[in-house]
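Laboratory data are not the source of any read-out in this text; all were calculated from the coordinates shown. None of the values given here were measured: they were computed from a predicted structure. Please note: Cβ atoms are built from the backbone with ideal geometry, for glycine as well, and neighbour counts cover all protein chains shown.
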Amino acid sequence: MIVNRGKAPTAQETFMQMAQAAGLRGRLLITIGLLILVRLGIYLPIPGIDRAVFAQNVQDNAVIRFLDIFAGGGLSALGIFALGILPYINASIIMQLLTAALPSLERLQKDEGEAGRRKISQITRYVAVGWAVLQSFGIAIFVSSIPGAALHPGPWFVAEIVLGLTAGSMVVMWISELITERGVGNGASLLIFLSIVAYLPASVGQTIALAESGGNIGGIAILVAVFLAMIVGIVFVQEGTRRIPIVSARRQVGRKLYREQTSYLPLRLNQGGVMPIIFASAVLILPSTLAQFTRSELVARFASYVSPAGPTPWLYVIFYLLLILFFSYFYSSLVVNPVDMSQNLKKMGASIPGIRPGKATSDYLERVLNRLTFLGAIFLGLVAIIPTAVESATKVTTFQGLGATSLLILVGVAIDTSKQIQTYVISQRYEGMVKQ
């Protein structure tokens with residue numbers, strides 16, 4: 001096979017390597033097999049629950065419907081793997097926030113290298129166990145409150161549910177780490193990707209059935225066109241970076257003199273990825289959750305005002321956009337620290353042309369980062385609002401649930417996994433060059 005060693009691998013070369021290279025083929029088979037195993041675990045029933053009664057009572061529950069997207073339908077089906085990777089994702093988010101807030105964890109991550117990162121990973125697992133127990137207990141209490149859902153309600157029933165769901169969640173967490181280590185791509189991201197993709201066949205089938213019945217074909221065409229346009233836009237924004245030029249100082253090592261080198265510092269347009277939308281959606285769902293548990297009329301009235309189906313949908317849109325803007329800046333401050341970047345450039349003897357090292361560099365990076373974050377937040381707001389608005393205008397609800405968050409996750413995970421496969425193909429290419 002003839003390849004161009006100076007360019008990224010073509011699609012033909014990538015598929016040839018996936019079929020012929022034993023290492024890459026084995027990683028792909030391990031990944032696919034583990035993903036199938038997780039998917040099958042969703043349908044293994046937890047004993048003591050009438051699943052039909054439970055599913056009938058939660059089909060209109062906004063909280064369950066939102067979380068079900070990331071659990072692949074596991075919460076409404078209440079299988080062994082019902083919680084899926086959700087506790088581990090929540091624990092990772094909590095640890096990111098704590099690492100930025102607690103100096104001890106920050107030193108552990110920055111100063112102790114690989115050993116420190118392993119310690120933080122272990123702490124994250126413990127937090128995931130605690131979060132899984134908490135979520136399982138809440139689900140057990142919720143199931144017990146539904147008449148006829150629990151076959152034998154009582155303390156032993158709650159203990160069974162907590163033990164079963166927590167154990168299933170830990171198995172899923174172990175599988176995700178196994179995929180990351182021995183498979184292709186990030187395990188946790190691929191499990192969420194799989195959960196979202198599991199909704200696609202039903203949505204596509206309902207859309208085709210609606211089109212065959214002759215109902216609202218124009219609305220279906222507009223909705224599909226909008227979704228395709230949003231996917232293209234997400235690809236451009238996810239890959240969009242601002243390249244800040246950097247000049248390395250001239251240095252001498254022994255008798256050899258190294259000239260000035262020019263490179264660039266890439267700053268992504270969307271630093272937070274999908275996290276701002278997830279946080280904003282979780283905050284907006286919180287009032288309706290509190291209204292269900294507290295049975296308060298005041299909380300229920302407030303929840304109706306910040307609901308897309310409430311009397312004031314424009315208020316919901318404003319709240320949603322403001323929350324996305326806030327969490328975009330918040331998450332960007334966690335991911336990128338202009339002061340640390342400025343200090344690192346100074347230590348390496350590098351500088352930005354026309355900008356003094358030190359505080360001037362950090363102020364410049366902060367200004368650029370704020371502008372990029374604002375543009376990224378506007379894009380995220382459009383991605384979050386447009387699909388819902390088009391569904392409301394066209395009256396086509398077959399893709400309901402596959403909104404902004406799902407699109408961002410699908411596109412982002414697909415891009416990251418394809419890049420990892422391409423990196424493996426390039427490494428195989430250079431191994432072939434060494435053997436020659």
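Applying 1/(1 + (r/R0)^6) with R0 = 51 Å to the Cβ-Cβ distance of residue 111 and residue 415, what FRET efficiency is obtained, to the nearest 0.05?
For R0 = 51 Å, the calculated efficiency reads 0.95.
Given a Förster distance of 25 Å, report the FRET efficiency between residue 231 and residue 262 from their Cβ-Cβ distance, rounded to the nearest 0.05.
Efficiency, rounded to the nearest 0.05: 0.10.
Sticking with the crude label model, points 7 Å out along Cα→Cβ, report the distance from residue 104 to residue 151 in nm, one decimal please.
So the two model labels end up 4.7 nm from each other.
Between the stretch 134-160 and the stretch 173-248, what's the alpha-carbon centroid distance in Å?
Centre-to-centre distance over Cα atoms comes out at 34 Å.
I want to check the label-to-label distance for residue 370 and residue 30. Put each point 7 Å from Cα in the C-beta direction and report it in nm to one decimal.
With each label point 7 Å from Cα toward Cβ, the separation is 4.7 nm.
According to a simple spin-label model (label point 7 Å from Cα along Cα-to-Cβ), what is the distance in nm between residue 167 and residue 315?
4.7
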